[in-house]
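Working notes for the structure below.
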Amino acid sequence: MCGIAGILEPSGGAGSGVPGEALTAMCEALRHRGPDGDGDWIDATNGIALGHRRLAIIDLTDAGAQPMVSSCGRFVISYNGEVYNAPELRSELEASGRRFKGHSDTEVIVEGCAAWGVEATVERLNGMFAFAAWDRDERVLTLVRDRLGIKPVYWARFGGLLIFGSELKALRAHPGWRPELNRDALAAYMRYSYVPSPLTIYRGVHKLGPGCILRARAGEEPRITPFWDLERIATDGQRDRFGGNEEEAADHLDTLLNDAVSRRMVSDVPLGAFLSGGIDSSLVVALMQVNSTRPVRTFTIGFSEKDYDEAGHAAAVAGHLGTDHTELYVSPGHARDVIPRLPEMYDEPFADSSQIPTFLVSEMTRKDVTVALSGDGGDELFAGYTRYFQAPTITSLLDGIPRPLLAMGAGAIRALPPSAWRALFMAVPRRWRPSQAGDKMHKLAAVMTEGSESFYQGLISHWTEPERIVLGSREPAGLFADPRVHELVPDFIERMQYLDTLTYLPDDILTKVDRASMAVSLEARVPLLDHRVVAFSWSLPPAMKARRGVGKWLLRQVLYRYVPPELVDRPKMGFGVPIGEWLRGPLRDWAEDLLDERRLKADGILNPAPIRAKWSEHLAGTINWQYLIWDVLMFQAWKARWLA
């Protein structure tokens, strides 16, 4: 895993020497992504400069150093990621006459670009990747991002200058950087707790979308085209459903996942896995152990707060599988100490509070290994989120109730504080009791007032009227307003999966894992997001993903072959920390400073009135507004670091 950065100028401006200095600064900003080495390649005449920070994983010798030039001299590449079918591709290339100096996947990609072309090469790759390739003959820069958006690429144009990098901090290091807050993107952030692609928090700065290729010539407008898109995968899968029975479906998925996991276990450095004890991570670890001749290293963090602690479940799974298990119980103080580092780590406002435990487990894991496999992606592909199998019941109920009665019902729900709802739900058997029941009841109240036609967006929204919060903003419509989505994916559960895979997965889940792991120079691999697994999941009938109130049905059937159901079957917890309680306690002074009414007014960005109202209610304990308050705090903390 590495960091990439680069510059394309409209003419031979690189001859001034400034781009070389700028490239050095850009790469230095990414040192955490690649502490093992750095490199640059500059063509002053053509105004192109490519930089690289290296975290050595495959081929630790100088033969794996970057930027790397193809054997024919035509292509230069700076690459971040891992390609898991590199050995097969290398054999093809060697058969066609290409010669290799080392055994890195980087060399396979650059030789593939020279032999087959960039797009044809990318379509053959199985992996996570973001890279820049310079064609010295055609004088074309190509930026590529993997199919699901596991690895990031940011890019911007300022005049004729084009700059890019793995993180925004690399772009900021260029002297041509001209930052301007994008209030529209901020409004979208206030709704979702992340800035949705292709937007960034800066106007004129972009995320390259998953599965996309950007091509640029000096001084020309870049062109972006997809090489893979979920729309086609979803359409093909729904048209040609898997025709076998349930046992055959489980066999096929087992085979696919075994191959995906075994490919991701290839490493020249120590390797392990995150283990929460849930369905996804338990299955990944089980398959790792099947494919290993020694105990797999597994890592879990625990919390003293019962509602947030899964360490006991993880230990039980680890004991059954016989892994070499490490767990660390984190004190609240240690977790809170991470908070000041978040604006530096995430580069733009990001308010998924599970960013804190994700960093902590990455930090612990990095002490023993350099690569860790993760179970991310299972919820989106196999309908694991609670809302997926509750949605049809709730929406049909809402559709049959007059709006005035819905409003009254929502008011009645809000009349009880979350703590009271939690107490009431204690009467429900633990197997069926939702975690954080009080918060979910209040979210249901919000959905009831939104109406069933906007159920999904209402359910995932934090600030439901973000234009009232961000002064002078207009919230972008985005994918949720696209009427084609309903026609493309008629089934309600599959439609939510589709939207999540295009939005929440790359912009929240994968962003969270990438920044948290790379902050400590740890490579995180996600076998469930092998694109072959994605395609198969879309061919499954909905009943093989969610049935009788249980999500990830088929994934569970595969897991039960390796782990007894009683060790993994329990209500979904999520991966969080008690932010709500902390904001009323040890974080209160910090939050009060960032939410000070005079400060908000002086900034002229956020509307103080609704924010202060929510803060007062939260402090009083009547309603838990932790997520909405955390959104504001993470923006305020980010602004203090980057816009002050």
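Select from region 352-365 the residues that are more than 20 Å from Ser292 (Cα to Cα) and either out of contact with any Lys or Arg (no Cβ under 6 Å at 6 or more places or on another chain) or hydrophobic (A, V, I, L, M, F, W, C) (or both) and list them in ascending order.
If we filter region 352-365 for residues that are more than 20 Å from Ser292 (Cα to Cα), which is where we start, we get 352-364.
Result: Ser353, Ser354, Ile356, Pro357, Phe359, Leu360, Val361, Ser362, Glu363, Met364.
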Completion exercise
When restricted to Asp324, Asp309, the only residue of a type outside the set (Val, Ile, Thr), in contact with a Ser or Thr (Cβ under 8 Å, 6 or more places away or on another chain) and either under 24 Å from Ser282 (Cβ atoms) or modelled with pLDDT of 85 or more (or both) is Asp324
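With region 333-426 as the region, which helices (runs of 4 or more DSSP H) entirely inside it contain at least 2 residues that are of a type in the set (Gly, Ala, Ser)?
Numbers: elements: 342-346, 355-366, 378-382, 386-399, 403-415, 418-425.
Answer list for region 333-426: 386-399, 403-415, 418-425.
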Exercise for the section: Output the number of residues of region 479-494 satisfying the condition of being closer than 20 Å to Thr386 by Cα and of a type in the set (D, E, K, R). Expected result: 2
Handout entry: Test for Thr365: is it in contact with a Pro (Cβ under 6 Å, 6 or more places away or on another chain), crowded, with 20+ Cβ neighbours inside 10 Å, touching a residue at least 24 places away in the same chain (Cβ under 8 Å) and over 24 Å from Tyr189 (Cα atoms)
Key = no
Exercise for the section: Collect the residues in region 466-489 that are without any contact (Cβ under 8 Å) to a residue 60 or more places away in the chain and either surrounded by 19 or more Cβ atoms within 10 Å (Cβ to Cβ) or in a loop (DSSP other than H, G, I, E, B) (or both), keeping them in residue-number order. Expected result: Ala477, Asp482, Pro483
Fill in the blank from the handout: Scanning region 254-281 residue by residue, the ones that are assigned to a helix (DSSP H, G or I) and aliphatic (A, V, I, L, M) total 5
Practice task
Return yes or no: is Arg53 in contact with a Ser or Thr (Cβ under 9 Å, 6 or more places away or on another chain) and at pLDDT below 95?
Solution key: no
Practice task
Considering only region 64-137, give the helices (runs of 4 or more DSSP H) lying wholly within it that have at least 1 residues that are more than 31 Å from the chain's Cα centre (by Cα).
Solution key: 86-95, 105-116
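Restricting to region 546-566, name every residue that is out of contact with any Gly (no Cβ under 7 Å at 6 or more places or on another chain) and either at pLDDT below 90 or surrounded by 19 or more Cβ atoms within 10 Å (Cβ to Cβ) (or both).
Initially, region 546-566 is screened for residues out of contact with any Gly (no Cβ under 7 Å at 6 or more places or on another chain), giving 546-550, 553-554, 556-566.
Passing the criteria: Ala546, Arg547, Arg548, Gly549, Val550, Trp553, Leu554, Arg556, Val558, Leu559, Val563.
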Practice task
Report yes if Leu587 is over 30 Å from Asp337 (Cα atoms) and in contact (Cβ under 8 Å) with a residue 60 or more places away in the chain, otherwise no.
Solution key: no
Exercise for the section: Look at Gly243 and say whether it is outside any helix (DSSP H, G or I), of a type outside the set (A, V, I, L, M) and farther than 30 Å from Asp135 by Cβ. Expected result: yes
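Return the residues of region 230-258 that are free of Cβ contacts under 8 Å to residues at least 40 places away in the same chain and of a type outside the set (Gly, Ala, Ser); say none if nothing qualifies. Reasoning before the result, please.
Step one: of region 230-258, the residues free of Cβ contacts under 8 Å to residues at least 40 places away in the same chain are 232, 239, 243-245, 247-248, 251, 255, 258.
Listed by number, the residues that qualify are Arg232, Arg239, Asn245, Glu247, Glu248, Asp251, Thr255, Asn258.
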Fill in the blank from the handout: Taking region 70-94 and the residues there that are β-branched (Val, Ile, Thr) and touching a helix residue (DSSP H, G or I) at 6+ places or on another chain (Cβ under 6 Å), the one that is farthest from Leu373 (Cα to Cα) would be Ile77
Completion exercise
Restricting region 598-618 to residues that are without any contact (Cβ under 8 Å) to a residue 60 or more places away in the chain and either of a type in the set (S, T, N, Q) or in contact with a Lys or Arg (Cβ under 6 Å, 6 or more places away or on another chain) (or both), the one farthest from Ser193 (Cα to Cα) turns out to be Ser616
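If only one of Ala173, Ala120, Ala133, Ala187 is at pLDDT 95 or above, outside the structural domain of Thr511 (by TED's automatic domain parsing) and out of contact with any strand residue (DSSP E or B) (no Cβ under 9 Å at 6 or more places or on another chain), which one is it?
Going through Ala173, Ala120, Ala133, Ala187 in turn, the sole match is Ala120.
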Fill in the blank from the handout: A careful count of residues in region 138-181 that are in contact with a Lys or Arg (Cβ under 8 Å, 6 or more places away or on another chain) and outside any strand (DSSP E or B) gives 8
Problem - Scan of region 282-296 for residues that are in a helix (DSSP H, G or I) and of a type outside the set (A, V, I, L, M), ordered by number - result: Ser282, Gln289
Handout entry: Given (1) surrounded by 14 or more Cβ atoms within 10 Å (Cβ to Cβ); (2) touching a helix residue (DSSP H, G or I) at 6+ places or on another chain (Cβ under 7 Å), number of the condition Glu597 does not satisfy
Key = (1)
Practice task
Run His320 past the list (1) more than 20 Å from Val533 (Cβ to Cβ); (2) outside any helix (DSSP H, G or I) and report the number of the one that doesn't hold.
Solution key: (2)
Exercise for the section: Tally the residues that are surrounded by fewer than 18 Cβ atoms within 10 Å (Cβ to Cβ) and either closer than 30 Å to Ile579 by Cα or among the acidic types (Asp, Glu) (or both), restricting the search to region 264-301. Expected result: 1
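On the given criteria, is Asp596 at pLDDT 95 or above and charged (D, E, K, R)? First the steps, then the outcome.
Values: at pLDDT 95 or above: yes; charged (D, E, K, R): yes.
Judged against the criteria, Asp596 is a match.
Of Ala372, Ala335, which residue is among the hydrophobic types (A, V, I, L, M, F, W, C), at pLDDT below 95 and on the phi < 0 side of the Ramachandran plot?
Testing whether each residue is among the hydrophobic types (A, V, I, L, M, F, W, C), at pLDDT below 95 and on the phi < 0 side of the Ramachandran plot leaves just Ala335.
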Practice task
Of the numbered conditions (1) free of Cβ contacts under 8 Å to residues at least 40 places away in the same chain; (2) within 21 Å of Met128 (Cβ to Cβ); (3) out of contact with any strand residue (DSSP E or B) (no Cβ under 8 Å at 6 or more places or on another chain), Thr45 fails exactly one; give the number of that condition.
Solution key: (2)
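Could you tell me whether Ala640 is in contact (Cβ under 8 Å) with a residue 24 or more places away in the chain and either hydroxyl-bearing (Ser, Thr, Tyr) or assigned to a helix (DSSP H, G or I) (or both)? Break it down stepwise before answering.
On the way: in contact (Cβ under 8 Å) with a residue 24 or more places away in the chain: yes; either hydroxyl-bearing (Ser, Thr, Tyr) or assigned to a helix (DSSP H, G or I) (or both): yes.
Yes, satisfied.
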Practice task
Please identify the pairs in which a residue from region 507-528 that is closer than 20 Å to Val284 by Cα and modelled with pLDDT of 95 or more has its Cβ atom under 6 Å from the Cβ atom of a residue that is charged (D, E, K, R) and part of a helix (DSSP H, G or I), counting only partners at least 6 apart or on another chain.
Solution key: Leu522/Arg366
Problem - Of all residues in region 442-465 being in contact with a Pro (Cβ under 9 Å, 6 or more places away or on another chain) and modelled with pLDDT of 80 or more, the one that is surrounded by the fewest Cβ atoms within 10 Å (Cβ to Cβ) - result: Glu465
Practice task
Considering every residue within region 605-614, establish whether at least one is under 19 Å from Ala187 (Cβ atoms), over 28 Å from the mean Cα position of the chain (by Cα) and outside any helix (DSSP H, G or I).
Solution key: yes
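The values are calculated or read from the model by the stated rules, or taken from the named source; none is laboratory data. What you see is a predicted model, and the numbers here were worked out from it, not measured in a lab. Cβ atoms come from the backbone with ideal geometry, glycine included; neighbour counts cover every protein chain shown.
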